[in-house]
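Colleague: This structure is in structure tokens; I'll ask about it shortly.
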């Protein structure tokens, strides 16, 4: 019976229609619309928010606040807006001149002259000296506004072009996500109970690193399945974090996937939510299925879930994570992480993905990683971190000599090292990094930077 169900799902989500010859439409989330011309997914939000709040909302949905890449995409966004909410006349964009007055740049750091720069007549005029954000008006032109002003907005996610074999799953194969996840056919999802407690935001991030989402039941049936998994996995735990919060808009609880609490499982404990002391924005679920709001900084256990309708498998790298790219010469796969962390955080992030910080064994490895970083435009990534290098997998943190994260001796060929300076055991900087040029260097473990994770494909 399971194989029949799998084939049916395969036909529903992946295969093109045999009768009409149409190709399968890429899928991200059911509340996002895919536009073939721009190869991106879009969602119009009718709730008016400031730019910072809108960016946060999009980030919670795994997307980015929209700005037009060109005239055609501006028209596309306006069309989506008109279809969803025809009465709206402006939407806020991820464009500002906050960093340098008069120089408007996009959220990813590009000057708008290189993307979309069609201003309304007389704009930008910076009325009152505080108009540092931008809206797209109904007529397709831009206007500068105060950043605290609230407008509707669009979230966007670009289609990530994958190799043809990187489909959600191939016909006849067994469903798999990660070995530490349990598949429940009744709810068609993969689940993992995390016993080690974390604050809510870190729990959400941990699930994302595992290719999943912080769990909240869709309905009573799924709540019962989750409670059973909980009982079998960690019966001593009395409560866990739910993926529900009102961090975006006080009093409006939504899941990490953007679903309103009225559309999912809701079973509040009597008198809850009460927002005690005006600081309870996250939600606990007890082992009897009741819900209670709580401060988000408390540490609690949690469940991560991977929906079958977002299931995909990276066949080139034999891993659940589609962001890893195969080096066919070495059989190693790599992923550049563009959220800066210190070395310990980077090491933990790779571990959460069932991989490890990249290990440079020879010049071939170094050259490949240098090209990988260059090809992903790492130099243009904004933020407060050390630029020009990224964390890799070697250290002397244990003070027993420099080794890789695999426990192997460090390659001390001087040609691999910046300035031919191979670190010794007395070096004050105890963690490893690589310059974009491909040369290795020791680094202070507390410095934040980009990093690369590595996965060895099993032969």
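The values are calculated or read from the model by the stated rules, or taken from the named source; none is laboratory data. What you see is a predicted model, and the numbers here were worked out from it, not measured in a lab. Neighbour counts are summed over all protein chains in view; Cβ atoms, including those assigned to glycine, are modelled from backbone coordinates with ideal geometry.
Colleague: Within the range 282-301, is even one residue touching a residue at least 12 places away in the same chain (Cβ under 8 Å), within 30 Å of residue 443 (Cα to Cα) and not assigned by TED's automatic domain parsing to the domain that holds residue 443?
Modeller: No, the range 282-301 contains no residue that is touching a residue at least 12 places away in the same chain (Cβ under 8 Å), within 30 Å of residue 443 (Cα to Cα) and not assigned by TED's automatic domain parsing to the domain that holds residue 443.
Colleague: Also, I was wondering about something else. Going by the conditions given, is residue 21 in a loop (DSSP other than H, G, I, E, B), modelled with pLDDT under 90 and either buried (at least 17 other Cβ atoms within 10 Å of the Cβ) or under 16 Å from the mean Cα position of the chain (by Cα) (or both)?
Modeller: Details: in a loop (DSSP other than H, G, I, E, B): yes; modelled with pLDDT under 90: yes; either buried (at least 17 other Cβ atoms within 10 Å of the Cβ) or under 16 Å from the mean Cα position of the chain (by Cα) (or both): no.
No.
Colleague: Still on this structure, please answer the following. Test residue 323 against the criterion of being over 21 Å from the mean Cα position of the chain (by Cα) and either crowded, with 16+ Cβ neighbours inside 10 Å or without any contact (Cβ under 8 Å) to a residue 60 or more places away in the chain (or both), and give yes or no.
Modeller: Details: over 21 Å from the mean Cα position of the chain (by Cα): no; either crowded, with 16+ Cβ neighbours inside 10 Å or without any contact (Cβ under 8 Å) to a residue 60 or more places away in the chain (or both): yes.
Spelling it out, it is not the case that residue 323 is over 21 Å from the mean Cα position of the chain (by Cα) and either crowded, with 16+ Cβ neighbours inside 10 Å or without any contact (Cβ under 8 Å) to a residue 60 or more places away in the chain (or both).
Colleague: Is it fair to say residue 425 is surrounded by fewer than 15 Cβ atoms within 10 Å (Cβ to Cβ), modelled with pLDDT of 90 or more and under 24 Å from residue 399 (Cβ atoms)? So that I can check it myself, show each step before the final result.
Modeller: Values: surrounded by fewer than 15 Cβ atoms within 10 Å (Cβ to Cβ): yes; modelled with pLDDT of 90 or more: no; under 24 Å from residue 399 (Cβ atoms): yes.
Spelling it out, it is not the case that residue 425 is surrounded by fewer than 15 Cβ atoms within 10 Å (Cβ to Cβ), modelled with pLDDT of 90 or more and under 24 Å from residue 399 (Cβ atoms).
Colleague: Check every one of the strands (runs of 3 or more DSSP E) wholly within the range 272-387 and list those with 2 or more residues that are under 27 Å from residue 244 (Cβ atoms) and at pLDDT 90 or above. If you could, list the steps in order and put the result at the bottom.
Modeller: Numbers: elements: 282-286, 291-294, 300-307, 325-327, 332-341.
Answer list for the range 272-387: 282-286, 291-294, 300-307.
Colleague: Residue 211 passes all but one of (1) within 19 Å of the chain's Cα centre (by Cα); (2) not in a loop (DSSP other than H, G, I, E, B); which number fails?
Modeller: (2)
Colleague: Suppose we keep only residues that are in contact with a helix residue (DSSP H, G or I) (Cβ under 8 Å, 6 or more places away or on another chain) and farther than 14 Å from residue 438 by Cα within the range 394-420. Which one would you say is surrounded by the most Cβ atoms within 10 Å (Cβ to Cβ)?
Modeller: The selected residue is 395.
Colleague: Scan the range 389-404 residue by residue and report those that are in a loop (DSSP other than H, G, I, E, B) and within 16 Å of residue 418 (Cβ to Cβ). Can you show your working first?
Modeller: Step one: of the range 389-404, the residues in a loop (DSSP other than H, G, I, E, B) are 396-402.
Of everything in the range 389-404, just one residue is in a loop (DSSP other than H, G, I, E, B) and within 16 Å of residue 418 (Cβ to Cβ), namely 402.
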